[in-house]
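Colleague: A single structure is presented below for examination.
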Amino acid sequence: MLAYGLIVWQFAPKRVTVKGFFTGSDDGDVTSASAPGLWLLVASAAISWIFAKSIANAASLAQAFGISGSVGYAFYYLSFLVAGVVIYIIRTKGGDKSLPAFLIRKYGGFCAKLFVAAIAIRLFNEVWSNTKVVGLYFGDEGSGGYWLAVAAVTGFTVFYSWRAGLRGSLLTDGGQMILASVLLVGILLFIMPDIAARGLPQMPEAASMAGWTFAGLALVQAFSYPFHDPVLTDRGFITSPKIMLKGFILAGLIGGGFIFLFGFVGIYGRLDGLGGNPSLAVPASFGVTMLLIVNAIMMTSAGSTLDSTFASTAKLTARDWSGKKDEPTEGQLSTGRRAVLIIAVLGNLPLFSLYLGGEVGPAVIAATTISGTMVMGLAPIFMLAFLPGAGRWSFHLAFWPGILLGVIMTLEGAMGLQIVPASVDIGVGKYADDLGVNLWGVGICTLGFLAGCAIELALAGKKKLVATPA
């Protein structure tokens, strides 16, 4: 951990301007020399989505379902293409400088606040789900080593994020991406020769099909999932639109490839019959060297996600919530920094749920699938915003059905209830319920959006009729 801290500290800027804290460039100009270049954007976007929880999820899913599990989790990285295209259109057609600004213009301030509240929940989940994975490499859950690691990675990341915001996140992401890539190669050198010699494990048909069911779920959620993640979307407004689109496509390919390859850790665990969390069990089976490599990857990915989460939280509270369009101020800087400290504390509180039971694997996977379900209505809200009549009615009739279905799925998981009838299920295995709810749910949200368009057009026509003199 000390070595990781020293490396990241070399990349972290010791001082930034107020604009640099919120926008990533010292003068806030996406075309200036201080704006991030293509490859810094690619590295930052990719590593900020290679979460510690994503790495753990990829290994666990590959262990459970084989290659289909690894491919399925990589499908989430199609979110980069979806977000890139939509943000390109938003910026070039409407000139908006953030997603909340677009929502204010298109749907009104209240709708924008609902969106900001939804993504605040996402940011909250990013803290505990990443620090938890890192803590497990330093001791059993609840042990002294576990809590010390959680406190250390949180405290160190808060320290440089509080100072440098988004600018610091971008610059450290570059170093973290290089480090993570080198370490991934090291892991593959350990496990791939053995996998090549023994072949992929023979998976039961039910397990393989369950993996492809999860892949279907990832494909459906990729159309809404990216919009509720400011860690990703904030990076869509810090370079020129053309560089952004190219960078997002490359970052999606690199990030998805990284996750797919790390899935072979889980496949190796399946071949060797290792139980438990494969991202822990597999490196431990190779000894201290391999364990240290994977440990470093987890700290790198967690740190990159945490600093991005803190930077997005600062911007969310100081500027996005109030819809500020003015230049960033010292007062907003102070507000953003306080928000970083608050979410660092509150975001780790769910870790104490260990005293109520639970496992890291199911918990961090649920944090992904359930949050993706809750925001399924964002797909039509952003992708169909160009339709005539799209307005407040469209937003609400698409947004709230997704929230309701997400709450239902949360209750099912937390209380062990069967609320959704089995007839809704699509596919095989534990994710058939999720896939069915998401596929039918997106259809409901889309129909709701279209109904809202019709209502808006009808109301506009009625107003025009009333205003027309007899």
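The values are calculated or read from the model by the stated rules, or taken from the named source; none is laboratory data. This structure is a prediction, so every number in the text was calculated from the model and none was measured. When we count neighbours, we look across all protein chains shown, and the Cβ atoms used for this are built from the backbone with ideal geometry, even at glycine.
Colleague: Could you count how many residues in segment 404-445 are touching a residue at least 60 places away in the same chain (Cβ under 8 Å) and surrounded by fewer than 17 Cβ atoms within 10 Å (Cβ to Cβ)?
Modeller: Result for segment 404-445: 1.
Colleague: Which condition number in (1) modelled with pLDDT under 95; (2) surrounded by fewer than 24 Cβ atoms within 10 Å (Cβ to Cβ) is the one that Pro230 fails?
Modeller: Among (1) modelled with pLDDT under 95; (2) surrounded by fewer than 24 Cβ atoms within 10 Å (Cβ to Cβ), Pro230 violates only (2).
This table checks each residue for (1) closer than 16 Å to Trp49 by Cβ; (2) among the small types (Gly, Ala, Ser); (3) under 16 Å from the mean Cα position of the chain (by Cα); (4) not assigned by TED's automatic domain parsing to the domain that holds Trp147.
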site	(1), (2), (3), (4)
Ala83	yes, yes, yes, no
Pro100	no, no, no, no
Val116	no, no, yes, no
Leu123	yes, no, yes, no
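Colleague: Just one of (1) buried (at least 24 other Cβ atoms within 10 Å of the Cβ); (2) under 15 Å from Ala45 (Cα atoms); (3) under 17 Å from the mean Cα position of the chain (by Cα) trips up Met244, so point out which.
Modeller: Of (1) buried (at least 24 other Cβ atoms within 10 Å of the Cβ); (2) under 15 Å from Ala45 (Cα atoms); (3) under 17 Å from the mean Cα position of the chain (by Cα), only one is false for Met244: (3).
Residue by residue, here is whether (1) over 27 Å from Trp321 (Cβ atoms); (2) in contact with a Lys or Arg (Cβ under 7 Å, 6 or more places away or on another chain) holds:
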{"position": "Phe80", "(1), (2)": "no, no"}
{"position": "Val86", "(1), (2)": "no, no"}
{"position": "Gly108", "(1), (2)": "no, yes"}
{"position": "Glu126", "(1), (2)": "no, no"}
{"position": "Ala152", "(1), (2)": "yes, no"}
{"position": "Gly155", "(1), (2)": "no, no"}
{"position": "Ser161", "(1), (2)": "no, no"}
{"position": "Phe190", "(1), (2)": "yes, no"}
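Colleague: Quick one: Thr313 ticks every box in (1) of a type in the set (Ser, Thr, Tyr); (2) crowded, with 20+ Cβ neighbours inside 10 Å; (3) outside any helix (DSSP H, G or I) except a single one, so which number is it?
Modeller: The single condition Thr313 does not satisfy is (3).
Colleague: Out of all the residues in segment 37-76, which are surrounded by fewer than 24 Cβ atoms within 10 Å (Cβ to Cβ) and aromatic (Phe, Trp, Tyr)?
Modeller: Across segment 37-76, the qualifying residues are Trp39, Phe75.
Colleague: Can you tell me which residue is farthest from Gly168 (Cα to Cα) among those in segment 196-236 that are outside any helix (DSSP H, G or I) and in contact (Cβ under 8 Å) with a residue 12 or more places away in the chain?
Modeller: Met203
Colleague: Test Ala43 against the criterion of being within 30 Å of Glu205 (Cα to Cα), of a type in the set (A, V, I, L, M), in contact (Cβ under 8 Å) with a residue 60 or more places away in the chain and in a helix (DSSP H, G or I), and give yes or no.
Modeller: no
Colleague: Could you please give the count of residues in segment 121-148 that are more than 17 Å from Ser308 (Cβ to Cβ), small (Gly, Ala, Ser) and touching a helix residue (DSSP H, G or I) at 6+ places or on another chain (Cβ under 6 Å)?
Modeller: Going through segment 121-148 one residue at a time, the tally reaches 3.
Colleague: Counting just the residues of segment 411-455 that are part of a helix (DSSP H, G or I) and of a type in the set (Ser, Thr, Tyr), which one comes out nearest to the chain's Cα centre (by Cα)?
Modeller: Within segment 411-455, the match that is nearest to the chain's Cα centre (by Cα) is Thr446.
Colleague: Turning to a different aspect of this structure: What are the residues in segment 237-273 that are over 22 Å from Asn57 (Cβ atoms), assigned to a helix (DSSP H, G or I) and not charged (D, E, K, R), if any?
Modeller: Matches in segment 237-273: Phe237, Pro241, Ile243, Met244, Leu245, Gly247, Ile249, Leu250.
Colleague: List every residue pair whose Cβ atoms lie under 7 Å apart, where the two residues are 6 or more positions apart in sequence or sit on different chains, the first residue falls within segment 301-319 and is within 24 Å of Ala180 (Cβ to Cβ), and the second residue, located anywhere, is not in a helix (DSSP H, G or I).
Modeller: Ser301/Ile50; Ser301/Phe51; Thr305/Phe51
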